[in-house]
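Before any comments, here is the structure.
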Amino acid sequence: MTAQTTVDPSEIAKFEAMAAEWWDPNGKFKPLHMLNPCRLDYITTQIAAEYDRDLDQPEPFKGLRILDIGCGGGLLCEPMARLGATVVGVDAAGGNIPVAQAHARHSGLEIDYRHTTAEALADAGESFDVVLNMEVVEHVADPLAYLTACQRLLRAGGLHLCSTINRNAKSFAAAIVGAEYIMRWLPKGTHDWAKFITPDELYDLLRKAGLEPVDRKGFQFNPVSWRWSLSDRDLSVNYVTASLKP
């Protein structure tokens, strides 16, 4: 498999244009800042369970090598580094990397940020205990080839965490009409509804890529409390999966 196979240049251009706003909680990435505590809760719980780590201890993820694909400005990389992990953050949008590097330096964190792709890392023989693949699969040109690259990057028994958006009328109303046109949280055209993936489709893709899905949860937004929470039943819009490499 050659590097760059799954990169969609038009998708990269969208995120390049917003790179400077990654750490502005009221900017174009406001939805991610709002979702991030809920995402982190799921991520840290899954990693702790898989690797028998106590989250109440200092640096519970020490000794684990974690990759965040599509790292953006580092919203997930920095918490993983604070928990003691060795963190590599990669993004195909080169403009995101200097933003992430500058923020990590300001925060006193050592994070290995690289402008590259999952395929290129896999071809280079890199390996990780955990691969974070959050809100990326709906932006790539070939989801199966991309997830196969993610699988190649995992050590045997490694954990793959993947979140994306379901494809149905509700997700169109919430993720596109609501987020892009009504609330204007995201620039118009950020998402392509046709590229959204249902939970069953994602499970099928993960299995074809050589991973074994073990869990999935929905991210549910409460407009009254203005907060996100995890749901065992409602996967109708945003959702996340956990898979293992046999």
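Are there any helices in the chain, counted as whole DSSP H runs, that stretch 24 Å or more along their axis by Cα and score at least -1.0 on average by Kyte-Doolittle, and if so which? Walk me through the numbers before you get to the answer.
Numbers: long enough: 30-51 (31 Å, -0.20).
Those that pass (Cα extent of 24 Å or more, hydropathy at least -1.0) are 30-51.
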Would you please give the residues with an amide H less than 5 Å from that of Asn238, counting only those at least 5 places away or on a separate chain, with H modeled from the backbone geometry?
Asn166, Phe219
With every protein chain present, what accessible area does Asp54 have (1.4 Å probe, heavy atoms only), rounded to the nearest 10 Å²?
80
Can you work out ³J(HN,Hα) from phi for every residue in the range 58-69, in order, using Karplus 6.51 cos²θ - 1.76 cosθ + 1.60 and θ = phi - 60°, giving whole Hz and x for Gly and Pro?
x, 6, x, 9, 4, x, 9, 9, 10, 10, 10, 8
Take the alpha carbon atoms of the range 17-94, find their center, do the same for the range 134-160, and report the distance between the two centers in whole angstrom.
17
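How long is the gain from Ala169 to Asp215 if the chain were fully straight, where each residue apart is worth 0.36 nm and the alpha carbon distance is subtracted?
Numbers: separation 46, 0.36 × 46 = 16.56 nm, distance 2.41 nm.
My answer for the length gained is 14.2 nm.
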Modelled label-to-label distance, Thr45 and Leu230, 7 Å Cα→beta-carbon offset: nm?
0.2
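Out of all DSSP beta bridges in the chain, what portion is antiparallel? Express it as a percent rounded to 5. If you can, show how the numbers build up before the last one.
Numbers: 19 of 36 bridges.
That works out to approximately 55 percent antiparallel.
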Amide H neighbours of Tyr113 under 5 Å, at least 5 residues apart or on other chains, H built in the peptide plane: list them.
Gly89
Can you tell me which of Ser107, Ser236, Ser163 moves the most in a GNM of the chain? Springs connect C-alpha atoms under 10 Å apart.
Ser107
Extension gain from Lys62 to Asp142, taking 0.36 nm per residue of separation minus the Cα-Cα distance:
25.4 nm
For Ser107 and Glu21 in one chain, what is 0.36 nm times their gap in residues minus the Cα-Cα distance, to one decimal in nm?
29.3 nm
Could you tell me which residue out of Cys38, Gly72, Gly95 lies farthest along the dipole of the range 17-97 toward its positive end? Charges go on the beta carbon: Lys and Arg +1, Asp and Glu -1, centred on the Cα centre.
Gly95
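The values are calculated or read from the model by the stated rules, or taken from the named source; none is laboratory data. Everything numeric here is computed off the predicted structure, so don't read it as measured data. Note: ideal-geometry Cβ built from the backbone for every residue, glycine included; neighbour counts use all protein chains shown. Side chains are part of the model used for accessible areas, which takes the heavy atoms of the whole protein and leaves out ligands, DNA and RNA. Shrake-Rupley method; radii C 1.70, N 1.55, O 1.52, S 1.80 Å.
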